[in-house]
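What follows is one structure encoded as structure tokens, with my remarks underneath.
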Amino acid sequence: MEPIIRVRELYKVFGPNPQEGLRLIEDGLDKDTIFERTGNTVGVKDCNLDIAEGEIFVVMGLSGSGKSTLVRLLNRLIEPTAGTVEVRGRDVTRMSQRDLIRLRSEDLAMVFQSFALMPHKTVIDNAALGLEIAGVGRARRRERAQEALDQVGLKAHARSYPDELSGGMQQRVGLARALATDPSIMLMDEAFSALDPLIRTEMQDRLLDLQREHRRTVVFISHDLDEAIRIGDRIAIMQGGEVVQVGTPKEIITHPANEYVRSFFHGVDITQVFQARDIMDSENIPVLDADTTAGEARNRIAHVPGNEAVIVDAGGRFQSVVQAKRLGELTLDRAASEVAVEVEPVPEDTALADLPRRAAQSPVSIPVVDGEGRFRGLVTLQRLVEALDRSRNAAAANGDY
Amino acid sequence: MEGRINIPVGDWIEAGVDWILDNLEPALDGIAWFLGLLTNSFEGALLAIPAWLLVLALVGLSWWRVSWRFGIFAILALGLILGMDLWEPTIKTLSLVLAATAVALAIGMPVGVAMARSDWVEASIRPVLDLMQTMPPFVYLIPAAIFFGLGTVPGAIATVVFCMPPVVRLTNLGIRQVNREQIEAGLAFGCNRRQLLTKIQLPLAMPSIMAGINQTIMLALSMVVIASMIGAGGLGNTVLTGIQRLDVGLGFEGGLGVVILAILLDRITQSVGRRRKASS
Ligand SMILES: Nc1ncnc2c1ncn2[C@@H]1O[C@H](COP(=O)(O)OP(=O)(O)OP(=O)(O)O)[C@@H](O)[C@H]1O
Ligand SMILES: [Mg+2]
């Protein structure tokens, strides 16, 4: 699928002579040397990204690595020194001011670290700011702002003023303000960084809920690794203005591109990153229906490495697990379901950290189901132990043990 | 000590004044006409209202905007002015202050906005403001009297010049102090330059601008009193008469009138800024 945002060879050099800075970058000098020699600061350097429609794309990096600069280049709050940014195939960097303003007000909303609300406006009028700027009439924009406030759970506070709300609530107003224009892309620069940890987690959940209702493309700047892993479909790691690695949290954790990236993941709890779906066996499990005979079941299990099968209903929903050794108690023409063990399945996004407890309680392997209860695979004891072992080794490689 | 250097700054200024008098007379007449009209309209309007009604309005405003205690102060203070038979000069002074402030704001706020938008404009206007503020106020009276003769209009003009700097400075400062992310929020949601000014910068700079307006009004009041030396009339004239006749009582009464007007104007204009922020 076409990426919704495509960034190519994007550079931003701040300072008295950006072009000179650009030349020195091409000569291979690094950020610090360029600053010492010319007083130009490299903000973003040779950035190439494809951001897919509907994903939460997290940009991480240390302070000063260029995250804020990058996100502001996407809606051209900062003019690039070189390179292109395309949104739905249209080059933002060469757009006329008029088109740019239209794009910003219709397609690209932004949420700020300091909330950036207007203290003299009520919550509802703050949420309606984008619509007001776009020239939407008062009644209509209040209606839409109210809907946005409902979405973020601030229904009752429409008439309050921002300074009457807590930080978390103020940022929900910031979120509502972005949602009110119904943008397809949301740019969030450390949107939750100013909030205390509990509220921050709550806001992350809120964002994920909103994504479930209506998928938007979110470019989310963060310097909090747990946050990035929790909400990010993919993560880009920035270092000194460069994007040094892009990938899913798992890819980056298992194959960090360099020492910087590795040090970033120092101390992260990997068993929170991996989920049941990552370690389950989905290929070697015979799937039976309710009236499969014991004979056929034994036959099918004999052809796979494991010694278990599962029974599903007509809709593919998980019912029970059958073990080869119990089938021996039955004559061949009886139904296999007679000796099946009914256990509670787990959702596929269950964290690896939560699986050992389940395994200890269950007489059979742990069945994994999707959102509709359909069978996806089994987490066998062997797989579980292997995964835990691997994650311990990964943690050790990250210097954790 | 033969070669004592003598730079004839005074001569140059005189030459400049002559040139202006010769060449810009229509413009001067226009300004005089407009300011005269403005001051007279304010004065006419305020004197047309019965004194008790105006007192009631001012007391109501003080009560509602500031506090009930200040409302009571207003009753007593305005009663005192009526009792001292200084109502008419007080109104005259008030009209001059209002007219001069209106003109100063009409010029000063756009200048402040221009300064905030361009470092270059700021750098060139700033010394002018410094000059305007450090020059002793009496100095403005001379050119004002030369260009416009004696009376209310030159008084108003000298006042406009003298009271303008605070609103210019604080408009500029207020806009420049607006948080960077708030500006970015405006732009990110699609503001053009005009919208950025009217929807983001000016509202957020409002507390600062209101402080500037308040200071401008107070400066206008102090200048209006001085301007009575070139015939601007009002409470300043009462004080001046007191000085000329060595009449301590009359001078003190006039001074008291000025103080009362100052306190009322100060508190009421300050409260406007606060209200806007808290619940507009
Ligand atoms: N307007 C500017 N003028 C000059 N240099 C700038 C400007 N904005 C950013 N920089 C520099 O560009 C680099 C990247 O800054 P940026 O704000 O994008 O970093 P960041 O990753 O967002 O950091 P933080 O986590 O502290 O927000 C830094 O070295 C910074 O000093
Ligand atoms: Mg930043």
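The values are calculated or read from the model by the stated rules, or taken from the named source; none is laboratory data. Keep in mind it's a predicted model, so treat the numbers as computed, not measured. Here the Cβ positions follow ideal geometry from the backbone for every residue, glycine too, while neighbour counts run over all protein chains shown. Keep in mind that these areas ignore ligands, DNA and RNA; they rest on the heavy atoms of the full protein, side chains included. Shrake-Rupley method; radii C 1.70, N 1.55, O 1.52, S 1.80 Å.
With a 1.4 angstrom probe, the accessible area lost at the A-B interface totals about 2000 Å². Listed by chain and number, the lysines whose C-alpha is less than 29 Å from the C-alpha of A:LYS155, apart from same-chain residues fewer than 8 away, are A:LYS121, B:LYS199, B:LYS277. Among rounded, prolate and oblate, which fits chain B when a ≥ b ≥ c are the square roots of the eigenvalues of its C-alpha gyration tensor, a/c under 1.5 means rounded, and a/b larger than b/c means prolate? Note, shape of chain B comes out oblate.
Give me the net charge of B:SER95's neighbourhood, meaning all other residues with Cβ under 12 Å from the Cβ of B:SER95; Lys, Arg count +1, Asp, Glu -1. Walk me through the numbers before you get to the answer.
Numbers: positive: B:LYS92; negative: B:GLU43, B:GLU88.
It works out to a net charge of -1.
Taking a straight Cα-Cα cut-off under 15 Å and skipping sequence neighbours fewer than 8 places away in the same chain, the aspartates and glutamates within cross-link reach of B:LYS92 are B:GLU43.
Taking every pair of alpha-carbon atoms in the stretch A:277-388, give the share separated by more than 21 Å as a whole percent.
Values: 1929 of 6216 pairs.
For the stretch A:277-388, the fraction of Cα-Cα distances above 21 Å is 31 percent.
Under the convention that each Lys and Arg Cβ holds +1 and each Asp and Glu Cβ holds -1, the size of the dipole of the protein assembly as shown around its Cα centre is about 1460 debye. Computed over protein heavy atoms with a 1.4 Å probe, the accessible surface of the stretch B:79-140 works out to 48 Å² per residue.
State to the nearest 20 debye the size of the charge dipole of chain A about its Cα centre, where the only charges are +1 on K and R beta carbons and -1 on D and E beta carbons. Write down the numbers at each step before the final one.
Details: 49 positive and 62 negative charges, 218 e Å.
Dipole about the Cα centre, nearest 20: 1040 debye.
Just want to confirm a number: the relative contact order over the stretch A:277-388, from Cα pairs under 8 angstrom separated by 6+ residues, in percent.
On the way: 206 pairs, mean separation 33.5, N = 112.
Value for the stretch A:277-388: 30 percent.
Which one of A:ALA52, A:LEU77, A:LEU208 has its Cα pushed farthest toward the positive end of the charge dipole of chain A, where Lys and Arg give +1 and Asp and Glu give -1 at the Cβ? It is A:LEU77.
Mean separation of Cα pairs under 8 Å and 6+ residues apart, divided by the residue count of chain B: what relative contact order is that in percent? Please list the in-between numbers first.
Values: 326 pairs, mean separation 62.2, N = 280.
That works out to 22 percent.
With all protein chains present, how much of the accessible area of the stretch B:25-272 (probe radius 1.4 Å) comes from carbon and sulfur, to the nearest whole percent? Kindly include the intermediate steps, with their values, before the conclusion.
Working: 7910 of 11180 Å².
Carbon and sulfur atoms account for 71 percent of the accessible area of the stretch B:25-272.
Enumerate the lysines that A:LYS31 could reach by cross-link, defined here as Cα to Cα under 22 Å, with residues fewer than 8 away along the same chain left out. In chain and number order, the partners are A:LYS12, A:LYS45, A:LYS67. Starting from the Kirkwood radius over alpha-carbon pairs of the stretch B:121-248, derive D by Stokes-Einstein at 20 °C in a medium of 1.002 mPa s and give it in µm² s⁻¹. After rounding, the answer is 128 µm²/s. Dividing the mean sequence gap of close Cα pairs (under 8 Å, 6+ apart) by how many residues chain A holds gives a relative contact order of 15 percent.
Each of A:LEU330, A:MET280, A:ILE301 was scored by the projection of its Cα onto the charge dipole of the stretch A:267-335, and the greatest displacement toward the positive side belongs to A:LEU330; charges sit on the C-beta of Lys, Arg, Asp and Glu.
Shape class for the stretch B:1-134, computed from the alpha carbon gyration tensor (a ≥ b ≥ c): prolate, with a/c not under 1.5 and a/b above b/c. Only protein atoms count toward the accessible area here, which uses a 1.4 Å probe; on the stretch A:277-388, the carbon and sulfur part of that area reaches 45 percent.
Average accessible surface for the stretch A:277-388: 53 Å² per residue, computed with a 1.4 Å probe over protein heavy atoms with every protein chain in place. For the pair the stretch A:229-251 and the stretch A:1-52, the centres of their Cα atoms are 18 angstrom apart.
Run the dipole for chain B about the Cα centre, Lys and Arg Cβ at +1, Asp and Glu Cβ at -1, nothing else charged, and hand back the magnitude in debye, nearest 20. Walk me through the intermediate numbers first.
Details: 18 positive and 18 negative charges, 321 e Å.
Its charge dipole is roughly 1540 debye.
Normalised Debye scattering of the stretch A:1-72 at q = 0.12, 0.20 Å⁻¹ gives log10 I(q)/I(0) of -0.37, -0.85, counting only Cα atoms as equal scatterers and leaving out solvent. Using heavy atoms of the protein chains and a probe of 1.4 Å, the accessible area assigned to B:THR134 is about 110 Å². Exposure check, 1.4 Å probe, all protein chains in place: A:LYS325 carries approximately 150 Å² of accessible surface. Top mean-square fluctuation among A:VAL58, A:VAL173, A:VAL385, Gaussian network model of chain A, C-alpha springs under 10 Å? Fluctuation is largest for A:VAL385. Pick from B:TRP12, B:TRP87, B:TRP120 the residue whose mean-square fluctuation is largest in a GNM of chain B, springs joining Cα atoms under 10 Å. Per the Cα network of chain B with a 10 Å cutoff, B:TRP12 tops the list.
Restricting things to alpha carbons, find the Rg to Rh ratio for the protein assembly as shown using the Kirkwood radius for Rh. Display every interim value, and only then the final one.
Details: Rg = 37.4 Å, Rh = 31.6 Å.
Rg/Rh for the protein assembly as shown comes to 1.19.
How would B:VAL55, B:VAL167 rank on accessible area, largest to smallest, probe 1.4 Å?
Values: B:VAL55 25, B:VAL167 0 Å².
Reading off the accessible areas and sorting them downward yields B:VAL55, B:VAL167.
Since only A:ILE270, A:GLN239, A:PRO345 are under comparison, the one whose Cα sits farthest along the positive direction of the charge dipole of chain A, derived from C-beta charges on Lys, Arg, Asp and Glu, is A:GLN239.
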